[in-house]
Amino acid sequence: MPQPASAKPLRADTERTVRAILEAAERVLAVNPAATMEQIAEAAGVARTTVHRRFASREALIRALAAWATQRFHEAVEAARPETAPPSVALYQVTANVLRVKVSWGFAMGALPTDDPEVSRVHADVMTRCARLFARTRDAGLLRPDADLDWARTVYYALIHEAAIQSPETDAAVDALATRVVDTLLHGVGTPASG
């Protein structure tokens with residue numbers, strides 16, 4: 001779990017409890033964004049006082065949830081090895097990994113604070129990696145040499161967003177959607193122009 005630089009590392013049992021609370025918060029808040037700390041505690045299988053001991057307020061819990069999801073998002077991109085894997089493999093793997101995070105942490109990803117420096121740093125790093133991956137994808141001949149990479153990334157992000165809304169429930173469904181996103185990005189939905 002992300003900790004401020006000045007914070008002491010959490011003990012393993014405390015970290016498990018915090019993770020259980022955050023996972024329960026995601027499940028409960030995704031269904032009912034107005035859910036109380038007590039409802040979250042019940043879903044996590046802990047006492048309300050335990051939740052309050054770890055998170056001073058509902059807002060602090062939501063901020064921690066957003067920070068947790070941001071870390072998962074960053075790890076998802078890193079795990080795809082966007083700088084070293086072959087571009088087609090990296091593009092597919094980033095897509096599948098990010099879809100998994102967006103589906104699993106949908107409430108938290110929607111609650112990301114725009115004024116949090118760590119969230120901003122992580123998103124800037126992800127955008128930089130994505131820009132380099134798209135340049136590698138173009139250089140490998142998967143995108144047209146004259147492709148507008150900024151526009152291609154904008155379309156790609158929109159495709160991932162729309163795919164995540166489909167709420168795939170299995171890994172196979174996520175994989176199928178990732179394949180559709182990449183195929184749509186690289187090949188579109190129209191017929192090739194005859195000429």
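The values are calculated or read from the model by the stated rules, or taken from the named source; none is laboratory data. What you see is a predicted model, and the numbers here were worked out from it, not measured in a lab. Here the Cβ is made from the backbone with ideal geometry for all residues, glycine too, and neighbour counts use every protein chain on show.
When GLN39 is tested against (1) more than 30 Å from ASP183 (Cα to Cα); (2) modelled with pLDDT under 90, only condition (2) is not met. Across region 88-108, the qualifying residues are those that are free of Cβ contacts under 8 Å to residues at least 40 places away in the same chain and β-branched (Val, Ile, Thr), and the one among them that is surrounded by the most Cβ atoms within 10 Å (Cβ to Cβ) is VAL94.
Please indicate, with yes or no, whether at least one residue in region 150-158 is under 19 Å from THR84 (Cα atoms), surrounded by fewer than 14 Cβ atoms within 10 Å (Cβ to Cβ) and out of contact with any His (no Cβ under 7 Å at 6 or more places or on another chain). Looking through region 150-158, none of the residues is under 19 Å from THR84 (Cα atoms), surrounded by fewer than 14 Cβ atoms within 10 Å (Cβ to Cβ) and out of contact with any His (no Cβ under 7 Å at 6 or more places or on another chain).
Any idea which residue in region 75-117 is nearest to SER167 (Cα to Cα), counting only those that are among the hydroxyl-bearing types (Ser, Thr, Tyr) and out of contact with any Phe, Trp or Tyr (no Cβ under 9 Å at 6 or more places or on another chain)? Filtering first and then ranking leaves SER104.
Exactly one residue out of ASP150, ASP125, ASP116 is charged (D, E, K, R) and without any contact (Cβ under 8 Å) to a residue 40 or more places away in the chain, and it is ASP150. If you go through region 33-44 and keep only what is assigned to a helix (DSSP H, G or I) and surrounded by 16 or more Cβ atoms within 10 Å (Cβ to Cβ), you end up with MET37, GLN39, ILE40, ALA41, GLU42, ALA43, ALA44.
Residues considered: VAL89, VAL126, VAL77, VAL101. Of these, the only one that is assigned to a helix (DSSP H, G or I), assigned by TED's automatic domain parsing to the domain that holds SER167 and either under 27 Å from THR36 (Cβ atoms) or touching a Pro at 6+ places or on another chain (Cβ under 9 Å) (or both) is VAL101. In region 53-71, of all residues being more than 13 Å from ALA25 (Cβ to Cβ) and part of a helix (DSSP H, G or I), the one that is farthest from the chain's Cα centre (by Cα) corresponds to ARG53.
Here PRO113 fulfils each of the conditions (1) surrounded by fewer than 17 Cβ atoms within 10 Å (Cβ to Cβ); (2) of a type outside the set (Gly, Ala, Ser); (3) in the same structural domain as ALA172 (by TED's automatic domain parsing); (4) part of a helix (DSSP H, G or I) apart from (4). Looking at region 11-32 only, could you name the residues that are within 19 Å of the chain's Cα centre (by Cα) and surrounded by fewer than 19 Cβ atoms within 10 Å (Cβ to Cβ)? Of everything in region 11-32, those that are within 19 Å of the chain's Cα centre (by Cα) and surrounded by fewer than 19 Cβ atoms within 10 Å (Cβ to Cβ) turn out to be ARG19, ALA20, GLU23, ARG27, ALA30, VAL31. You will find that of ALA163, ALA108, ALA124, the residue that is among the small types (Gly, Ala, Ser) and over 16 Å from ALA69 (Cα atoms) is ALA163 and no other.
Here ALA47 meets the list (1) free of Cβ contacts under 8 Å to residues at least 24 places away in the same chain; (2) surrounded by 17 or more Cβ atoms within 10 Å (Cβ to Cβ) almost entirely, failing just condition (2). Determine whether region 170-181 contains at least one residue that is assigned to a loop (DSSP other than H, G, I, E, B) and either modelled with pLDDT under 95 or assigned by TED's automatic domain parsing to the domain that holds VAL98 (or both). So far as region 170-181 goes, yes, one or more of its residues are assigned to a loop (DSSP other than H, G, I, E, B) and either modelled with pLDDT under 95 or assigned by TED's automatic domain parsing to the domain that holds VAL98 (or both).
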